[in-house]
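First the structure, in the form of structure tokens, and then the observations on it.
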There are 4 protein chains.
Amino acid sequence: MTSNLRVTIWNEFRHEREMKEVAEIYPDGIHNTLAKVLGEAGGMEVRTATLDEPEHGLPADVLDSTDVLLWWGHAAHDEVKDEVVARVQQRVLDGMGLIVLHSGHFSKIFRRLMGTSCDLKWRETNDHERLWVVAPGHPITEGLGEYIDIAHEEMYGEHFDIPAPDTLVLVSWFSGGEIFRSGCCFNRGRGKIFYFRPGHETLPTYHHTQVQRVIINATRWAAPTPGAARVFGNVKALEPGH
Amino acid sequence: MTSNLRVTIWNEFRHEREMKEVAEIYPDGIHNTLAKVLGEAGGMEVRTATLDEPEHGLPADVLDSTDVLLWWGHAAHDEVKDEVVARVQQRVLDGMGLIVLHSGHFSKIFRRLMGTSCDLKWRETNDHERLWVVAPGHPITEGLGEYIDIAHEEMYGEHFDIPAPDTLVLVSWFSGGEIFRSGCCFNRGRGKIFYFRPGHETLPTYHHTQVQRVIINATRWAAPTPGAARVFGNVKALEPGH
Amino acid sequence: MTSNLRVTIWNEFRHEREMKEVAEIYPDGIHNTLAKVLGEAGGMEVRTATLDEPEHGLPADVLDSTDVLLWWGHAAHDEVKDEVVARVQQRVLDGMGLIVLHSGHFSKIFRRLMGTSCDLKWRETNDHERLWVVAPGHPITEGLGEYIDIAHEEMYGEHFDIPAPDTLVLVSWFSGGEIFRSGCCFNRGRGKIFYFRPGHETLPTYHHTQVQRVIINATRWAAPTPGAARVFGNVKALEPGH
Amino acid sequence: MTSNLRVTIWNEFRHEREMKEVAEIYPDGIHNTLAKVLGEAGGMEVRTATLDEPEHGLPADVLDSTDVLLWWGHAAHDEVKDEVVARVQQRVLDGMGLIVLHSGHFSKIFRRLMGTSCDLKWRETNDHERLWVVAPGHPITEGLGEYIDIAHEEMYGEHFDIPAPDTLVLVSWFSGGEIFRSGCCFNRGRGKIFYFRPGHETLPTYHHTQVQRVIINATRWAAPTPGAARVFGNVKALEPGH
């Protein structure tokens, strides 16, 4: 019997409470929209956590019992406490999966795991976005066609200051003239990380079924592997006789 | 309900019939030893195919109903017909997984998929081999410790003339002074390929439980993803209005 | 004193002789246009070779004295003899650089070195192409801005059936809605390979100074390194006492 | 005319002043040993900087006029001020090359650029180390044979907790039974980073001519490319008519 994947969805959860146009699209917050999507996908136990909860909803016991963490943040990256960031980083290196969404590119945790600025270009004028699959055998593309069309989205453009992804899965085309590496897999320590670009808060992107499909696939892909132990420190040599 | 993975194990199957020392270790052939291992692992339907069968046991209908193909060959690579090689290559690009074992590095199918000579160094004096995990979160390392020890194996040494693997999972240490990239993942088309070094025919390597563990893990990892369609050829532009 | 880089530019050279519209753009053939560009860049001795010469202009002594080979072909890939292809492949593995241009994606030599179909989408309706730099520190981007604009080009779209590049340098945006991995570095054996997308024969792309800049940069980048020897075959173990 | 590469060699420079056995091998410090090596290699202007100088010898004007920075540290990583680390990181993202030597794996700057713990195994019993070239066409291998032998070195073993290198160039074999990814290239922002393993302070490793060869090659390889500008922030769309 396979046990359920334990998923925690973290959301800054400020825009939804402060901006009417966002609240109309995500009345219970982006986290609860995604929680419903993942819950219905099957095989997952889903919790949520938000910035303004104690320890941002991510005390050690929550992280220790999380297999995959999703992260959406935008306006308050600086308010996330460094000790929580350090804790999340350690959990990723120990094997927890991490899905970073949209403006989460500028979150402390993503920048710390990447080692780069994670800066990019942007334009808030509702471009047409088309996300092309460039790694068609990758598990994150399960059930997709050759691309995903999103009629209106914020544009993110290159240069995106990240390390070259271990696997590049999706590249976006924007009607205004830009491209962007929109679906990027990284391995850090024993953890799997997926950055997924779409999801501007004033647009109904997380109600798009193919966007949901990618998030479901990525969450499953990022599940920890009960794999090889990592051993560090001072060690002895191979015994003679071997 | 998840359907079974359809696995075909291909073996040259000459050494076992011609060399007593090999027959004693693998009385029914390497393919049947591995078939038993994978069959008992669960979730797989396992068939075998060998060089001296018609079409080497790999007619179109067998390949078309194979999700993952394992390949062991050594002394008769040249006898494998080019049309069968082309068929296997096409199936890999279409999504079939391929596990290439030991001296299969010099098989026509592996060389064709790599585009390089796949040459290497070797020494048949039973070195001690230790395979170190360098990608500890990778699914192929599930259930392993930090390394696998094999008391006696043929040595393969660098330089191994392959493209840089998409993921390097295992690196071997040999008592005689060499190292080797022994567990290498490649993506080609929609297919996943894993090269796994150990398995000299005069040694009981495929009876080693951790070697078996890697082969089981790799077979599962290489399962096709029902992923994004690959569309080629002449196409129209995006409709105006989008 | 640094000696000159010995460059050979190979061109199918049929369109220019058979199609008036092509001849008007490249009256002496694409190869001579590029030869002039590279010759004026400095530090290179440039020769040309074409399909209809004996051995396609690539006998062993020419290849043996070539540091970097450029390749443009389109309509007659099948007429290139297999023994010449094998010779070029061997030279690449031994360290010769190879720059594959535009429709050369379907050449025998590129397909053989890649191990995949190298198929793609295309549309001959003069899209606007914008090539974005995604690896801004790479030597091939020297002297470029953040992108290259080409007012009219044939479209090539994903999926492009190649192995994931060792380094992805340029990604194209097309006005018709597609993206394409247009500047791709591969290492095979000791050789460096660069695929560069633009260059449809009916358009003046190779007169574009920034396209020329990329070809100059790539030719220099692909120069052989007098690097570590590659040793293969049966070897002895490390001497005791070490 | 090519201008000289401006190189700065940073050294913690404590062991050489405090430990007689180290002072005997490097009487003027590791930095001055390496400065002599690079100075004699030609084409470089070499400066040094050490921990106990003001701002660790790395004020803004020094970094701003440095093309490639080498880094050796061990016992006092924590004493390096965070603002200096941040300045070095920014310079790397802007294009400065960085060569991290031996125990520098645990330096703040390397850990920050990698985003991982950079932890590893070690044993201070003078193993025999043999560094095998696995990327024989890479510029860093220029002039090497198929491996480098070091009769006595400290052992570093896997797992080495780093992101998968963009290019893996050297893998070490140790007589005690371990392997290690000893020569690793990374690209971060516009900067090139090379981690090179050997160099324990109580051993004469930096007097080894082939170790010196690698450091010379790596320094040249890491030179900044006057490449594509990186543009970030809010931008307009492509003008209509294009």
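The values are calculated or read from the model by the stated rules, or taken from the named source; none is laboratory data. Because the structure is predicted, anything quoted here is derived from the model rather than measured. Virtual Cβ from ideal backbone geometry, glycine too; neighbours counted across all protein chains shown.
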* Asked: Which condition number in (1) part of a strand (DSSP E or B); (2) small (G, A, S); (3) touching a residue at least 40 places away in the same chain (Cβ under 8 Å) is the one that A:S117 fails?
  -> (1)
* **Condition broken by D:G137, with the remaining ones in (1) in a loop (DSSP other than H, G, I, E, B); (2) more than 10 Å from chain A (Cβ to nearest Cβ); (3) within 19 Å of the chain's Cα centre (by Cα) satisfied** => (3)
* To do: Please indicate, with yes or no, whether at least one residue in the range C:103-124 is more than 10 Å from chain D (Cβ to nearest Cβ) and among the β-branched types (V, I, T).
  => yes
* From the set of residues in the range A:144-171 that are under 20 Å from A:F110 (Cα atoms) and among the small types (G, A, S), which is surrounded by the most Cβ atoms within 10 Å (Cβ to Cβ)? -> A:G157
* Structure fact -> Per the filter on the range B:189-214, residues in contact with a Gly (Cβ under 9 Å, 6 or more places away or on another chain) and aliphatic (A, V, I, L, M) are B:I193, B:V211, B:V214
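Looking only at the range C:140-158, how many residues end up being among the small types (G, A, S), away from chain B (no Cβ under 14 Å) and either in a loop (DSSP other than H, G, I, E, B) or touching a Leu at 6+ places or on another chain (Cβ under 8 Å) (or both)?
2
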* Asked: Is it true that some residue in the range B:186-201 is surrounded by fewer than 24 Cβ atoms within 10 Å (Cβ to Cβ), without any contact (Cβ under 8 Å) to a residue 60 or more places away in the chain, farther than 16 Å from D:F174 by Cα and not hydroxyl-bearing (S, T, Y)?
  -> yes
* Structure fact -> If you go through A:E21, A:E53, A:E45, A:E40, the only one that is touching a residue at least 24 places away in the same chain (Cβ under 8 Å), over 19 Å from A:L113 (Cβ atoms) and out of contact with any strand residue (DSSP E or B) (no Cβ under 9 Å at 6 or more places or on another chain) is A:E21
* Structure fact -> Quick count over the range D:136-152, residues being over 21 Å from D:H200 (Cβ atoms), of a type in the set (D, E, K, R) and modelled with pLDDT of 95 or more, is 1
* Condition test on A:D127, is it acidic (D, E), assigned to a loop (DSSP other than H, G, I, E, B) and at the interface with chain D (Cβ under 8 Å from one of its Cβ atoms)? -> no
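Residues checked against (1) assigned to a loop (DSSP other than H, G, I, E, B); (2) under 17 Å from D:H207 (Cβ atoms):
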| position | (1), (2) |
| --- | --- |
| D:S3 | yes, no |
| D:V7 | no, no |
| D:R17 | no, no |
| D:A23 | no, yes |
| D:P27 | yes, yes |
| D:T33 | no, yes |
| D:K36 | no, yes |
| D:A49 | no, no |
| D:L63 | no, no |
* D:T141 passes all but one of (1) surrounded by fewer than 22 Cβ atoms within 10 Å (Cβ to Cβ); (2) over 30 Å from A:Q89 (Cβ atoms); which number fails? -> (1)
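Scan the range D:150-183 for residues that are acidic (D, E) and in contact (Cβ under 8 Å) with a residue 40 or more places away in the chain and jot them down.
Narrowing the range D:150-183 to residues acidic (D, E): D:153-154, D:158, D:161, D:166, D:178.
Within the range D:150-183, D:E153, D:E154, D:D161, D:E178 qualify.
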* Among residues belonging to the range C:113-135 that are modelled with pLDDT under 95 and not charged (D, E, K, R), point out the one that is surrounded by the fewest Cβ atoms within 10 Å (Cβ to Cβ). => C:T125
* Asked: For the range A:140-199, what are the residues that are hydroxyl-bearing (S, T, Y) and closer than 21 Å to D:T167 by Cβ?
  -> A:T167
* Residue check, A:V235 without any contact (Cβ under 8 Å) to a residue 60 or more places away in the chain and closer than 29 Å to D:Q89 by Cβ -> no
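Could you list, in sequence order, all residues of the range A:69-103 that are among the aliphatic types (A, V, I, L, M), part of a loop (DSSP other than H, G, I, E, B) and crowded, with 20+ Cβ neighbours inside 10 Å? Lay out the reasoning, then the answer.
At the first step, the residues of the range A:69-103 found to be among the aliphatic types (A, V, I, L, M) are A:69-70, A:75-76, A:80, A:84-86, A:88, A:92-93, A:96, A:98-101.
Still in the running and part of a loop (DSSP other than H, G, I, E, B): A:75-76, A:80, A:96.
Within the range A:69-103, A:V80, A:M96 qualify.
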* Can you tell me which of D:G183, D:G177 is buried (at least 24 other Cβ atoms within 10 Å of the Cβ) and either within 12 Å of the chain's Cα centre (by Cα) or not hydroxyl-bearing (S, T, Y) (or both)? -> D:G183
* To do: Among the candidates A:S117, A:S107, single out the residue that is out of contact with any Asp or Glu (no Cβ under 8 Å at 6 or more places or on another chain) and within 23 Å of D:G115 (Cα to Cα).
  => A:S107
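Being in a helix (DSSP H, G or I) and out of contact with any helix residue (DSSP H, G or I) (no Cβ under 9 Å at 6 or more places or on another chain) is the filter here, so list the residues in the range B:51-61 that pass it.
In the first step, residues of the range B:51-61 are kept if they are in a helix (DSSP H, G or I); the result is B:54-57, B:60-61.
Listed by number, the residues that qualify are B:P54, B:G57, B:D61.
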